[in-house]
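See structure below.
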Amino acid sequence: MMKYYMPVGNTDFREIRENKMYYIDKTMLIDQLVGQSKAKVTLFTRPRRFGKSLNMSMLQRFFDIREDSRELFSGLKITQDHELCAQWMNQYPTILVSFKDVGGSTFATAFDLLRAIISKLYEKYDYLLNDADFLTPLQKKLFERFMLREAGSADLTECLCLLTDLLYHFYHKHVILLIDEYDVPMAKGDANGYYREITDIMRYMLSKALKDNPCLKMAVLTGCLRIAEESIFTGLNNLSIKTITDTDYDECFGFTDEEMNKLLKDTGLLTHQPVFKEWYDGYIFGNKEVYCPWDVLNYVDALQKNPQQPPMNYWANTSGNDSIRKFLKSDYDVSEDFETLLAGGTVRKIINPNITYGDLTANESNLWSVLYMTGYLTIPPGTLPTMTSNNPDEVKGMFELPFTLKLPNKEIRMLFEQTIAVWFEETVRADDRTELFDTLWSGDADKLAEIISDYLYQTISYFDYKEDYYHAFLVGLLSGRRGIIVKSNDETGLGRSDIIVKNKAKRVAVVIETKRAKTKSDIEKLSRDALEQININKYYVPFRNEKVIKYGIAFWGKECYISAE
């Protein structure tokens, strides 16, 4: 079987094609943009790691007048349309700029990064400076300030508009502008406290480049969210916004079943298809179910190196879990909804397509919308509300209906579980827990059961309530306190005790054995059985010099019953 090189982390279309890396053909995106759509400006909103940057690189290589792309696109679908290629391939000056790296913990850092990106962009067009008569003195001065990273905030608002103007007059052709990850600066600003400052710059920069720009042939933008409230796109004529709910372009981002089957067949991995589907499939864009390309390419690459490699959570390492954490730290009670999702169920929520980063937590609908738009949640196939026209009132009405939402796959479920576990641990450690430990050392079984049950109701379970869930819950609850030693499954007596908690200062050792009841009526008996198990197996023997308290704890759902001696 031939080994294929997966373009993991590579979003440069030229490099992928020249180095003969595996490429899933998405070139019919070009036909939809210029052969079918009449939009002057198109915005694609898709989750992270779904091929946005690679598609933008592909568009740049196809359109750019400074490229000769015939070999790059040889054999790809778009070349079958000879008339379109003759009209568009390498016929227009093309600008590609990405704002994915504009971030940092402070506005000063983000501003410096933004200046650096614009500097590198202008360096690509330094040949425009060679013609002394081409630029006016003011344009030349501003051009040099951009290149030297000396531009102020007011200057930066002109950077894209000026470059389109210069290229238009240099080539005597209208300009194609491609802006990748346009919303990252606002997202980073919201997370780090400089949202308004960075949004002001981006608003005016994009507005000047896109609105009533006579030098512009066409513009394409990508991002995670559609932002309306900041007025970035206010007054922009012929703007087409394509979200994950739209049926056109639904095959252009992510891998379809057909594409996945071909990839797995080519790489000899068809037997792994059920694993790929369980872990990385399940996202619904328009009417298409798609896989996450980042996960797929990473796992195919890993399997080619080691056929026994188990699936991993690749997406979490790049996208983070900020959206889930925002929910958990908000004032909205989502515990029952999250439990339903983790159990494989669905929830019904209103989705707001016009989200403002600065107001993500303003209402619960915004938070659910973020989880949906950024790929943490999806909809079951066939449940997307349908429209019969492009009437704005009908489009608006679609989003006034509740969407059915679910977790797309095993990878995202694991991400939810891990994030919730960390959140609960942080919450517990921030809690004083004095009453919990005082009761633990006292041997008061009834009061301890009441306190532990209260903590169970505060957290979000994984709904299957396995015995190891309760074990992990108790270990987390009792850990992280100064002077307290917690041991799990430690060899003591004639076997392994579930949990040992020692307080050196008080010279007290607590031995805990846990059981999970199948019915509520069983919990009292099981708690006594757990206590008996401690005595039969003599888990308390190593603690002859300390006061020993034994607890048999039985759980059912979010309730517990404790027997003690």
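The values are calculated or read from the model by the stated rules, or taken from the named source; none is laboratory data. Since the model is a prediction, treat every value here as computed from it, not as a measurement. Methodologically, a virtual Cβ is constructed for each residue, glycine included, from the backbone with ideal geometry; neighbour enumeration extends over all protein chains shown. The protein model used for the area step is the full one, side chains on, heavy atoms only, and it has no ligands, DNA or RNA in it. Shrake-Rupley method; radii C 1.70, N 1.55, O 1.52, S 1.80 Å.
Some observations on this one:
- Out of E83, E71, sole residue that is modelled with pLDDT of 95 or more, of a type in the set (D, E), under 30 Å from P214 (Cβ atoms) and open to solvent by 60 Å² or more (accessible area, probe 1.4 Å): E83
- Residue within segment 266-273 that is of a type in the set (V, I, T) and open to solvent by 40 Å² or more (accessible area, probe 1.4 Å) present: yes
- Residue pairs meeting the criteria (Cβ under 8 Å; at least 6 apart or on separate chains; first free of Cβ contacts under 8 Å to residues at least 24 places away in the same chain, in segment 161-172; second assigned to a helix (DSSP H, G or I)): L162/Q139; L162/L142; L162/F143
- The C-beta contact set for segment 274-297 (first residue within 19 Å of L415 (Cα to Cα), second residue of a type in the set (D, E), distance under 6 angstrom, 6+ apart or interchain) comprises W279/E411; Y280/D295; Y291/D281.
- Just so you know, in segment 39-68 the residues that are farther than 30 Å from L377 by Cα and of a type outside the set (D, E, K, R) include one that is surrounded by the fewest Cβ atoms within 10 Å (Cβ to Cβ), and it is I65.
- Lone unmet requirement of (1) in contact with a Ser or Thr (Cβ under 8 Å, 6 or more places away or on another chain); (2) modelled with pLDDT of 95 or more; (3) surrounded by 18 or more Cβ atoms within 10 Å (Cβ to Cβ) for G103: (2)
- Of the set (1) over 19 Å from Y194 (Cβ atoms); (2) without any contact (Cβ under 8 Å) to a residue 40 or more places away in the chain, all apply to S98 but (2).
- Filter pass, R528 being in contact with a Ser or Thr (Cβ under 6 Å, 6 or more places away or on another chain) and open to solvent by 30 Å² or more (accessible area, probe 1.4 Å): yes
- Exactly one residue out of N287, N298, N313 is closer than 22 Å to K26 by Cα and modelled with pLDDT under 95, and it is N287.
- Y332 being buried (at least 22 other Cβ atoms within 10 Å of the Cβ) and either under 19 Å from the mean Cα position of the chain (by Cα) or outside any helix (DSSP H, G or I) (or both): no
- In segment 61-85, residue farthest from A219 (Cα to Cα) [restricted to those that are outside any helix (DSSP H, G or I) and among the acidic types (D, E)]: E71
- Identity of the residue in segment 219-258, more than 28 Å from C292 (Cβ to Cβ) and open to solvent by less than 30 Å² (accessible area, probe 1.4 Å), that ends up modelled with the lowest pLDDT: E230
- For segment 534-565, the set of residues classified as more than 21 Å from L456 (Cβ to Cβ), open to solvent by 50 Å² or more (accessible area, probe 1.4 Å) and modelled with pLDDT of 90 or more consists of K547, E565, listed by residue number.
- Residue count for segment 419-458 satisfying the condition of being under 20 Å from K326 (Cα atoms), among the hydrophobic types (A, V, I, L, M, F, W, C) and without any contact (Cβ under 8 Å) to a residue 60 or more places away in the chain: 5.
- Of the criteria (1) out of contact with any helix residue (DSSP H, G or I) (no Cβ under 6 Å at 6 or more places or on another chain); (2) charged (D, E, K, R); (3) open to solvent by 30 Å² or more (accessible area, probe 1.4 Å), which one K77 fails: (1)
- Note on segment 12-62: among residues that are in contact with a Leu (Cβ under 9 Å, 6 or more places away or on another chain) and of a type in the set (S, T, Y), the one that is nearest to Q80 (Cα to Cα) is T27.
- Lone unmet requirement of (1) closer than 27 Å to E417 by Cβ; (2) touching a helix residue (DSSP H, G or I) at 6+ places or on another chain (Cβ under 7 Å) for K518: (2)
- Selection status of L415, within 13 Å of the chain's Cα centre (by Cα) and modelled with pLDDT of 75 or more: yes
- S119 out of contact with any strand residue (DSSP E or B) (no Cβ under 8 Å at 6 or more places or on another chain), at pLDDT 95 or above, surrounded by fewer than 21 Cβ atoms within 10 Å (Cβ to Cβ) and of a type in the set (S, T, Y): yes
The rows are residues; the columns are (1) under 30 Å from the mean Cα position of the chain (by Cα); (2) closer than 22 Å to D257 by Cα.
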site: K20; (1), (2): yes, no
site: L29; (1), (2): yes, yes
site: K38; (1), (2): no, no
site: F44; (1), (2): yes, yes
site: F50; (1), (2): yes, yes
site: L72; (1), (2): no, no
site: I78; (1), (2): no, yes
site: D81; (1), (2): no, no
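- Residue count, segment 510-525 (criterion: surrounded by 23 or more Cβ atoms within 10 Å (Cβ to Cβ) and of a type in the set (D, E)): 1
- Among the numbered conditions (1) at pLDDT 75 or above; (2) more than 28 Å from G193 (Cβ to Cβ); (3) surrounded by fewer than 15 Cβ atoms within 10 Å (Cβ to Cβ), the only one that V347 does not meet is (3).
- Residues that are open to solvent by 30 Å² or more (accessible area, probe 1.4 Å) and within 37 Å of the chain's Cα centre (by Cα) were ranked within segment 486-503; the one that is modelled with the lowest pLDDT is N489.
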